[in-house]
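Step one of this worksheet: look at the structure below.
Throughout, read-outs are computed from the coordinates displayed, never taken from laboratory work. Since we're looking at a predicted model, the values are computed, not measured. A quick note on method: Cβ atoms are made from the backbone with ideal geometry, for glycine too, and the neighbour counts reach across all protein chains shown.
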Amino acid sequence: MTMKKGSRRGFTLVELMIVVAIIGVLAALAIYGVRRYVFTAKTAEAKEGIGRIAKDASSAFNAERMAGSVLPLGSMAAGSNQLCWGATLTVPSASTNIQGKKYQSSPAEWNVDSSAGPGGGSAGFACLGFSMQDPQYFMYGYTTTCTGNCDAANDLFSATANGDLDGDGTNLSTYYLVGQIQNAPGAGLVVTVAPNFVDIDPLE
């Protein structure tokens, strides 16, 4: 008994080119998706960092301060609530230090303003008690709009994080979170923090 063999047909050049083109498109999409996922994962550091700064600013305001000098007998000292003054420098101080790479800060950088506040007290990150021990992708800052002791209604603070994840050295991604002293009727002055952070060019 004989069996008839079916005819065999190979792929044409056009079919092969279509397959190669499809593979190329899928590879490009995969690379873009992975790159975006990696960048997004790195931005978690910025969100956590500025969130901690905002909480530290609120906690510092709620910690009542009093004069450190000896009181004359029969006199009194009034307590006060103040925001920490803004930091003199960001950490690190230059964006080139986080240009597509991580930066290892030193404790001294976070304590630059240890005697820069009113009356020689601490300001900036030293006042907040904020620092980072691990290498960081972002440059952190803390600023205020205070013109006096940072204890007036409508005084603002801003916690910021700038990054250069793509390492192009031109545009920086920016994340910031703001807080404000508000006058609460019957409760005095309180610090409120924005319900969410703002991001500008988050994947730069």
**Fill in**
So, first residue part of a loop (DSSP other than H, G, I, E, B) in the range 183-204, second residue of a type in the set (Asp, Glu), Cβ within less than 8 Å, six or more apart or across chains; the pairs are Leu203/Asp166; Glu204/Asp164; Glu204/Asp166; Glu204/Asp168
**Asked** Quick one: would you say Thr90 is hydroxyl-bearing (Ser, Thr, Tyr) and buried (at least 18 other Cβ atoms within 10 Å of the Cβ)?
**Response** yes
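Among the residues of the range 105-113, are any touching a Phe, Trp or Tyr at 6+ places or on another chain (Cβ under 6 Å) and surrounded by 20 or more Cβ atoms within 10 Å (Cβ to Cβ)?
Taking every residue of the range 105-113 in turn, at least one turns out to be touching a Phe, Trp or Tyr at 6+ places or on another chain (Cβ under 6 Å) and surrounded by 20 or more Cβ atoms within 10 Å (Cβ to Cβ).
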**Request:** Quick one: Gly179 ticks every box in (1) on the phi > 0 side of the Ramachandran plot; (2) in contact (Cβ under 8 Å) with a residue 60 or more places away in the chain; (3) of a type outside the set (A, V, I, L, M, F, W, C) except a single one, so which number is it?
**Result:** (1)
**Asked** Looking at (1) among the hydroxyl-bearing types (Ser, Thr, Tyr); (2) surrounded by fewer than 19 Cβ atoms within 10 Å (Cβ to Cβ); (3) in contact with a Gly (Cβ under 9 Å, 6 or more places away or on another chain); (4) over 17 Å from Asp56 (Cα atoms), which is the only condition Thr143 fails?
**Response** (4)
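Please state which one of Ala153, Ala159 is assigned to a loop (DSSP other than H, G, I, E, B), touching a strand residue (DSSP E or B) at 6+ places or on another chain (Cβ under 7 Å) and either crowded, with 17+ Cβ neighbours inside 10 Å or on the phi < 0 side of the Ramachandran plot (or both).
Working: Ala159 fails: assigned to a loop (DSSP other than H, G, I, E, B).
Just a single option satisfies the conditions, and that option is Ala153.
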